[in-house]
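Below is one structure; the comments refer to it alone.
The values are calculated or read from the model by the stated rules, or taken from the named source; none is laboratory data. In this text the structure is predicted, and so the values were computed from the model without any measurement. Reconstructed Cβ throughout: ideal geometry from the backbone, glycine too, with neighbour counts over all protein chains shown.
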Amino acid sequence: MFRSAIRRSLRRPAIVQPPLLKTKTAARTVTSSTPRPTELKPGTFARTDPSIEVQYPEEHEIPSSKPVRRFKRTLSSFSLEGKTAIVTGGARGLGYVMTQALVESGADVAIVDLNGEEAAAAAKRLYDHHEADPESPAAKITSHTCDVSSVESVSAVFKEILAQHSNKVDILVTSAGFCENFPAEDYPPERLQKLWEVNVNGTYFCSTELAKHLKARGAPGSVVMIGSMSGAIVNVPQPQAPYNASKAAVRHLASSFAVEWAPHGIRVNCISPGYMLTDLTKKILEDRPDLKTKWNSLIPQGKMGVPADLMGAVVFLASDAAQYVTGAELRVDGGYTAT
């Protein structure tokens with residue numbers, strides 16, 4: 001009986017055929033199954049699309065950012081009270097929201113941006129939003145203009161910040177950076193050079209400037225570099241080879257600095273966001289709604305992230321809660337790079 005059961009289990013299962021449609025042609029009858037969808041070529045969804053070109057917009061075309069909802073306090077080790085943080089690219093987008101997270105956690109903050117007017121407006125909005133809550137501790141929020149791709153500009157802005165923050169900075173978040181989309185062979189050379197200077201050189205200059213300050217003080221500190229999942233994967237369908245390479249460089253800079261500066265108590269980590277619905281991204285998707293559909297289909301959680309998803313990550317890495325965390329990459333991508 002047991003052998004009979006095995007034989008039955010090995011028989012080929014019955015195949016249910018779809019209903020057949022018969023259509024008559026001039027001289028013969030053609031039998032076919034239900035209409036077949038348009039066939040896709042192998043690899044279609046894993047290739048870049050050279051028709052996608054996006055140049056980073058001019059300053060006046062980029063929307064301003066507003067404070068997001070507040071968060072309740074948690075473990076004392078996550079507190080940043082008594083700390084001073086610098087956030088580059090902090091006037092808009094992800095940088096602005098991470099600045100808010102640091103302020104909400106008790107830190108004084110210096111917002112650094114290429115657009116000084118926008119940085120000043122962002123600092124005022126955030127200060128007013130913070131002061132509107134009577135339970136919030138006092139916070140000092142300053143704004144500063146800096147071209148992070150210039151070592152001279154970075155050195156000057158650090159001196160300015162130290163003068164306004166009692167000669168003490170403990171945390172750096174390197175959020176300044178940008179992305180553009182061009183086929184590799186058509187990428188404008190001057191744009192490629194600028195991207196690398198901001199994304200990589202800017203991160204390098206700011207990080208080393210903080211390290212010099214912390215070493216001179218004999219104080220510990222934390223650098224949180226903002227990388228991207230693009231440093232570990234190749235995005236599709238938009239072509240962006242230089243950006244991907246720049247974020248891979250940022251990720252490895254974090255690891256290299258972490259090892260080099262560990263004896264001085266300086267921790268260096270990297271946050272690698274996935275697709276985030278910033279105001280700028282929303283503006284891009286208005287012109288290319290098909291991109292959102294494709295991106296979401298590749299994310300296990302089935303949706304893009306929002307800037308607030310980075311608030312907990314940046315506070316964790318900046319705070320004493322991560323005292324034994326250095327050289328790490330924290331991917332906030334909805335599972336994208338896990339597939």
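Here residue 113 clears all of (1) in contact (Cβ under 8 Å) with a residue 40 or more places away in the chain; (2) more than 20 Å from residue 227 (Cβ to Cβ); (3) acidic (Asp, Glu) except the condition numbered (2).
Quick grid of which residues meet (1) at positive phi; (2) modelled with pLDDT of 95 or more; (3) small (Gly, Ala, Ser):
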residue: 167; (1), (2), (3): yes, yes, no
residue: 199; (1), (2), (3): no, yes, no
residue: 204; (1), (2), (3): no, yes, no
residue: 214; (1), (2), (3): no, yes, no
residue: 219; (1), (2), (3): no, yes, yes
residue: 222; (1), (2), (3): no, yes, yes
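With respect to (1) surrounded by 17 or more Cβ atoms within 10 Å (Cβ to Cβ); (2) within 20 Å of residue 213 (Cβ to Cβ); (3) free of Cβ contacts under 8 Å to residues at least 60 places away in the same chain, the lone exception for residue 169 is condition (3). Among the residues in the range 298-312, are any assigned to a helix (DSSP H, G or I) and among the small types (Gly, Ala, Ser)? Scanning the range 298-312 turns up at least one residue that is assigned to a helix (DSSP H, G or I) and among the small types (Gly, Ala, Ser). Which numbered condition trips up residue 60, out of (1) outside any helix (DSSP H, G or I); (2) modelled with pLDDT of 60 or more; (3) exposed (fewer than 10 other Cβ atoms within 10 Å of the Cβ)? The single condition residue 60 does not satisfy is (1). Criterion first (over 25 Å from residue 255 (Cα atoms) and among the acidic types (Asp, Glu)) does residue 320 satisfy it? For residue 320, the condition - over 25 Å from residue 255 (Cα atoms) and among the acidic types (Asp, Glu) - is not met.
Quick grid of which residues meet (1) of a type in the set (Ser, Thr, Tyr); (2) over 21 Å from residue 223 (Cα atoms); (3) in contact with a strand residue (DSSP E or B) (Cβ under 7 Å, 6 or more places away or on another chain):
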residue	(1), (2), (3)
88	yes, no, yes
95	no, no, yes
103	no, no, yes
108	no, no, yes
118	no, yes, no
125	no, yes, no
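Considering only residues in the range 107-156 that are within 16 Å of residue 81 (Cα to Cα) and aliphatic (A, V, I, L, M), the one that is surrounded by the fewest Cβ atoms within 10 Å (Cβ to Cβ) turns out to be 138. Checking each residue in the range 92-110 for being touching a residue at least 40 places away in the same chain (Cβ under 8 Å) and assigned to a loop (DSSP other than H, G, I, E, B) picks out 92, 105, 107.
Residue by residue, here is whether (1) among the basic types (Lys, Arg); (2) free of Cβ contacts under 8 Å to residues at least 60 places away in the same chain; (3) farther than 25 Å from residue 171 by Cβ holds:
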site: 226; (1), (2), (3): no, no, no
site: 270; (1), (2), (3): no, no, no
site: 274; (1), (2), (3): no, no, no
site: 285; (1), (2), (3): no, yes, yes
site: 289; (1), (2), (3): no, yes, yes
site: 298; (1), (2), (3): no, no, yes
site: 302; (1), (2), (3): no, yes, yes
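The rows are residues; the columns are (1) crowded, with 22+ Cβ neighbours inside 10 Å; (2) among the polar types (S, T, N, Q).
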{"residue": "228", "(1), (2)": "yes, yes"}
{"residue": "233", "(1), (2)": "no, no"}
{"residue": "236", "(1), (2)": "no, no"}
{"residue": "240", "(1), (2)": "yes, yes"}
{"residue": "254", "(1), (2)": "yes, no"}
{"residue": "257", "(1), (2)": "yes, no"}
{"residue": "265", "(1), (2)": "no, no"}
{"residue": "269", "(1), (2)": "yes, yes"}
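Determine which member of the set 293, 339 is touching a Pro at 6+ places or on another chain (Cβ under 8 Å), surrounded by fewer than 17 Cβ atoms within 10 Å (Cβ to Cβ) and farther than 22 Å from residue 246 by Cα.
One residue alone meets the criteria, 339.
Looking at 306, 325, 314, 332, just one residue is modelled with pLDDT of 95 or more and touching an Asp or Glu at 6+ places or on another chain (Cβ under 8 Å), and that residue is 332.
Taking the range 151-165 as the range and being polar (S, T, N, Q) and touching a residue at least 40 places away in the same chain (Cβ under 8 Å) as the test, the residues that pass are 155, 164.
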